[in-house]
Amino acid sequence: MNKILLIINSLSTENRQNFILWLKNKNRRGDVKNVILFNYLLKGETNALDVKLYGKPNKNAFHALCKRLQDSLLDFIATKSFEGETSEELEVLKLLVVSRLFLEQKEYKLGYNTLARAEKLASFIDHYSLLNEIYHTKIQYAHCNPLVDLNTTFKLADSNMEAFQKDFKLNMAYAEIKEKILITKSLEKIDTIVETAFTKYKVSINASLSYKSLYQLMNITSVTAKLQRNYYRITPFIEEAYAIVNSKETLAHKHLYYHIGILQVMAMVHFRNKSFKKSMAFVAKMEKEMLKNKKAYYKRFLADVTVLKVLNYNYTGNFNKALQILSKNKTEALDIQLIHTMCFFQQNRFRDAYSIIKKLYHSDIWYEKKAGWLWVLKKSILEILLLIELDELDLVLLRVKSFRIKFKERLIAIKEERVLTFIQLALTFYESPKNVNTPSFKERVERSFDWKDNREEDIYVMSFYAWLKAKMENRELYTTTLELVSSQ
């Protein structure tokens, strides 16, 4: 049951509706119990479902039905994935499977012609693992094709195996870097973590790295910066990696997915460093690439590019443009919902902002799995500030208590106690709003925070502090926010 619920939660509203239609078309003999069960689960009903479905307790039949529904969900997701997939990788895989079928049926000429097409495309996209399978098949059936030059094929296979091993070693290094950052939550500097892993697996950052490898490195570096709240420190590393990407510009069309992903990382890094013009330049490049190959990756990156455009417009004073983009958004991306809340909050549209928060009905544990604990942290801070603005005393006290229980240990562990201090100061303001303009309160605020250099300070940290600063100075929140983030 839990697995089914997890799968259902992973589906968008549109795909849930499509699944019901797909299930009805698939059903035989008018059997609709799987559809009824699915609808019960959508509504959150999980108690005594066997009685509701069969009119009496029937655990065995119910478990069998659950198994069929789970299998149907997996089939549906796989089918939808293949329908929407347009990548060269999938095309190679299809050609390889078909060529093997022809060869097994002794249609050798047709099989080898199809295999040659697969080899050409796999070589074009540098897909070493699929090339291994292609050469394996080619050698296996070489005795059936007198035109095959074994020595040439062996050399190609060996050369590809070397490239595959190198790529595999890099993947191992990437996995170790990711584990240290995301699982053990090491506070070492990113360059130290990367250097240690690269030395261990004999990997070097140079032009021989593939687009995929460069994307993986830049992405994990960005994730590290996000967790350590310091994008400024990783900029030299990111710029070095992007310089290699630029040297491979003529190959970008071969690796469109990774190229768009790299542009996204660059746009986000520059935004978080408050270099808005550079960020928007990368956003423009990103949008241009998303239109290529008949918009093959347009939907995949739509939410990401929307987030970047909204953030850049909002933090350069064009909040109307930001809100206009948000109003047209049709994705269910959690980042977009949180940013929409923030934009409304900065424009003093507190009820509009809180209406978005109230629609986030899943538990914080669920959201942490989906979007990470920092997303939950920002949502929780925004909710507390909104409740203060809406003067919901009981809810404010409840949320503050919950906040301390959930985040105190984590924030102390990453040396970000200032977040706890900020929440306490926000509560102090709420309890005694008149005192916020006094010299003693302002002095208390100054003593409470150990600020980084403006270039290094996180833009979201500045945004939350702007709320307190605006209260102390009786100024507009949005204006105060823009002044803070542009004062680097």
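The values are calculated or read from the model by the stated rules, or taken from the named source; none is laboratory data. Everything numeric in this text was worked out from a predicted model, so none of it was measured. With ideal geometry, Cβ positions are generated from the backbone for all residues, glycine too; neighbour counts draw on all protein chains shown.
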Inter-residue pairs, beta-carbon under 8 Å, first touching a residue at least 40 places away in the same chain (Cβ under 8 Å) and in region 232-254, second among the hydroxyl-bearing types (Ser, Thr, Tyr), 6+ apart: 234/221; 234/222; 234/224; 237/221; 248/211; 251/211; 252/211; 254/211
All helices (runs of 4 or more DSSP H) inside region 57-135 with 3 or more residues being of a type in the set (Gly, Ala, Ser): 59-84, 108-124
Only listed residue being farther than 23 Å from residue 478 by Cα, of a type in the set (Ser, Thr, Tyr) and in contact with a helix residue (DSSP H, G or I) (Cβ under 8 Å, 6 or more places away or on another chain), chosen from 361, 367: 367
Residue identified as at pLDDT below 80, surrounded by 14 or more Cβ atoms within 10 Å (Cβ to Cβ) and in a helix (DSSP H, G or I) among 153, 221, 196, 192: 221
Breaking point among (1) at pLDDT below 90; (2) under 22 Å from the mean Cα position of the chain (by Cα), for residue 412: (2)
Residue selected from region 178-189 under the condition farther than 17 Å from residue 231 by Cα and of a type in the set (Val, Ile, Thr), by the criterion modelled with the lowest pLDDT: 184
Any hit, region 435-451, residues being in contact (Cβ under 8 Å) with a residue 40 or more places away in the chain and either assigned by TED's automatic domain parsing to the domain that holds residue 343 or over 26 Å from the mean Cα position of the chain (by Cα) (or both): no
Candidates 103, 95 - the one that is under 30 Å from residue 216 (Cα atoms) and surrounded by 13 or more Cβ atoms within 10 Å (Cβ to Cβ): 95
